[in-house]
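Structure record follows, encoded as structure tokens.
The values are calculated or read from the model by the stated rules, or taken from the named source; none is laboratory data. All figures in this text were calculated on a predicted structure; none of them were measured in a lab. Virtual Cβ from ideal backbone geometry, glycine too; neighbours counted across all protein chains shown.
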Amino acid sequence: MKFFSPSALVLSLWAAGFASADFHIVETAGTTEKMAIPSNKYNCGGINYSLNNNNDIKGSIGSSFMSMRGGNLCGAKDLDFYKQSDGTYVFYIHNGDGSAQGQCFHNEASKGVIKGCGFGLQYVEKFVCYTYFCNK
């Protein structure tokens, strides 16, 4: 009979506290500009939502830290993303109580590309993120 290691159990319980995919981090093709888009708006309307709500993600993909300042992603204003050893990002409310709000996983295949939104731009999914605040 196999048992879970204590760390695997803690991780599974922690992950169970978060809902299904709630937002995606996309990058404008050919640039390093990134933005967060709610899962229920993964289309040109979501691009406009993110542009109108200043949901820009600052920092390089792969860097130890990324952030969103002055945005409004499902009611969350400022987020800090910290890279983990496995390449995922755990994120927190900036100057919040220190509790993790969710986790982002590298994913360029699930939703793919958003295109046809004008100006010939394409937006490529880079991360899928799980949290609770987009489900309120």
- [ ] Check region 126-134 and report whether any residue there is in contact (Cβ under 8 Å) with a residue 60 or more places away in the chain, within 16 Å of MET35 (Cα to Cα) and surrounded by fewer than 13 Cβ atoms within 10 Å (Cβ to Cβ).
- [x] no
TODO: Could you please find all residues in region 29-71 being assigned to a loop (DSSP other than H, G, I, E, B) and surrounded by 14 or more Cβ atoms within 10 Å (Cβ to Cβ)?
DONE: ALA29, GLU33, TYR42, ASN43, ASN53, ASN54, ASN55, GLY59, ILE61, GLY71
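For region 106-121, which positions are loosely packed, with under 15 Cβ neighbours inside 10 Å and out of contact with any helix residue (DSSP H, G or I) (no Cβ under 9 Å at 6 or more places or on another chain)? Write out each step before concluding.
As a first pass, look at region 106-121 and keep what is loosely packed, with under 15 Cβ neighbours inside 10 Å: 108-110, 112-113, 115-116, 118-120.
Answer for region 106-121, where residues must be loosely packed, with under 15 Cβ neighbours inside 10 Å and out of contact with any helix residue (DSSP H, G or I) (no Cβ under 9 Å at 6 or more places or on another chain): GLU108, ALA109, SER110, GLY112, VAL113, PHE119, GLY120.
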Open item on the list: Quick check on CYS104: is it more than 17 Å from GLY46 (Cα to Cα) and touching a residue at least 60 places away in the same chain (Cβ under 8 Å)?
Closed with: yes
Task: Tabulated pairs, region 53-69, first under 11 Å from LYS83 (Cα atoms), second of a type in the set (A, V, I, L, M, F, W, C) and part of a loop (DSSP other than H, G, I, E, B), C-beta under 9 angstrom, 6+ apart or interchain - done: none
Task: Hits in region 126-136 - residues which are modelled with pLDDT under 90 and not basic (Lys, Arg) - done: TYR132, PHE133, CYS134, ASN135
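Yes or no, residue by residue, for (1) modelled with pLDDT of 95 or more; (2) outside any strand (DSSP E or B):
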{"residue": "TYR92", "(1), (2)": "yes, no"}
{"residue": "CYS104", "(1), (2)": "yes, no"}
{"residue": "GLU108", "(1), (2)": "no, yes"}
{"residue": "LYS111", "(1), (2)": "no, yes"}
{"residue": "VAL124", "(1), (2)": "no, no"}
- [ ] Mind telling me which of the residues ALA36, ALA15, ALA21, ALA8 ends up being modelled with pLDDT under 90, closer than 24 Å to LEU121 by Cβ and either touching a Pro at 6+ places or on another chain (Cβ under 9 Å) or not polar (S, T, N, Q) (or both)?
- [x] ALA21
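Return yes or no: is GLN101 surrounded by 17 or more Cβ atoms within 10 Å (Cβ to Cβ) and farther than 14 Å from HIS24 by Cβ?
On the way: surrounded by 17 or more Cβ atoms within 10 Å (Cβ to Cβ): yes; farther than 14 Å from HIS24 by Cβ: yes.
Against the criterion (surrounded by 17 or more Cβ atoms within 10 Å (Cβ to Cβ) and farther than 14 Å from HIS24 by Cβ), GLN101 qualifies.
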